[in-house]
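The values are calculated or read from the model by the stated rules, or taken from the named source; none is laboratory data. In this text the structure is predicted, and so the values were computed from the model without any measurement. Cβ: placed from backbone, ideal geometry, glycine included. Neighbour counts: every protein chain shown. Protein only, heavy atoms only, side chains kept; ligands, DNA and RNA dropped before computing areas. Shrake-Rupley method; radii C 1.70, N 1.55, O 1.52, S 1.80 Å.
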Amino acid sequence: MIELPARGSDVERLRMLMHQGIGLDRFNELPRERAVHALFECCSCLPWSAHLADGRAYATHADLLTHAENELRMLPEPQIEQALQGHPRIGARAGSARSYREQCAVWMDDEAAMRTLDEAGAAYEERFGFRYVWCADGRDGRSLLADLTARMRNDLDAERDIRTAELGKITRTRLERMLGPEGGFPDY
């Protein structure tokens, strides 16, 4: 029997690492419920997670990533909305190392600039009816603001396509973190 540590921070650390670097073989062997949970951590969409879990066993990382991308593109709008709920608003988790590659980690010490980002994000949501997502991949707040400003000129259909592509990029980075290197990490 495995005993969890009593301290809350240790428990949270275990939860955060539960599905990181597990390797494709281990992922393929997970019970369905745990596989769905691991995938939900990557996209926050239960039907997407269930479809991918039911599509196991994947032969390679590329097979899983391709299947994940295809499933994401086929999601109806309500399920995309569900997935977007797993993405904090711009600047919501300042300094988050885990989210560095995502838009929520964007933070500038300039309060006026952060207020501008917040207002631009709210204007985006008002215009399009859904949360702005952008795979920051280490880019700064000024780049984000330029992207957000440019995307405000899009019509709804074009923006839905861009939003879904950005969601796909973020989901891919999360899947890659979940899998870790080909073969997973060695057991210690």
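Of all residues in the stretch 67-82, which are within 11 Å of Ser44 (Cβ to Cβ) and either outside any helix (DSSP H, G or I) or modelled with pLDDT under 95 (or both)?
Residues satisfying the conditions are Glu81, Gln82.
What pairs can you find where one residue is in the stretch 48-71 and farther than 14 Å from Leu167 by Cα, the other is among the hydroxyl-bearing types (Ser, Thr, Tyr) and open to solvent by 60 Å² or more (accessible area, probe 1.4 Å), and their Cβ atoms are less than 8 Å apart, with a gap of 6+ or different chains?
none
Could you pull out the residue among Ile170, Ile162 that is open to solvent by less than 20 Å² (accessible area, probe 1.4 Å), within 20 Å of Cys43 (Cα to Cα) and in a helix (DSSP H, G or I)?
Just a single option satisfies the conditions, and that option is Ile170.
Just checking, how many residues over the stretch 24-64 are hydrophobic (A, V, I, L, M, F, W, C) and over 19 Å from the mean Cα position of the chain (by Cα)?
3
Could you run through the stretch 126-157 and say how many residues are farther than 23 Å from Ala112 by Cα, assigned to a helix (DSSP H, G or I) and either open to solvent by less than 60 Å² (accessible area, probe 1.4 Å) or in contact (Cβ under 8 Å) with a residue 60 or more places away in the chain (or both)?
1
Scan the stretch 45-57 residue by residue and report those that are open to solvent by 20 Å² or more (accessible area, probe 1.4 Å) and not in a helix (DSSP H, G or I).
Gly55, Arg56, Ala57
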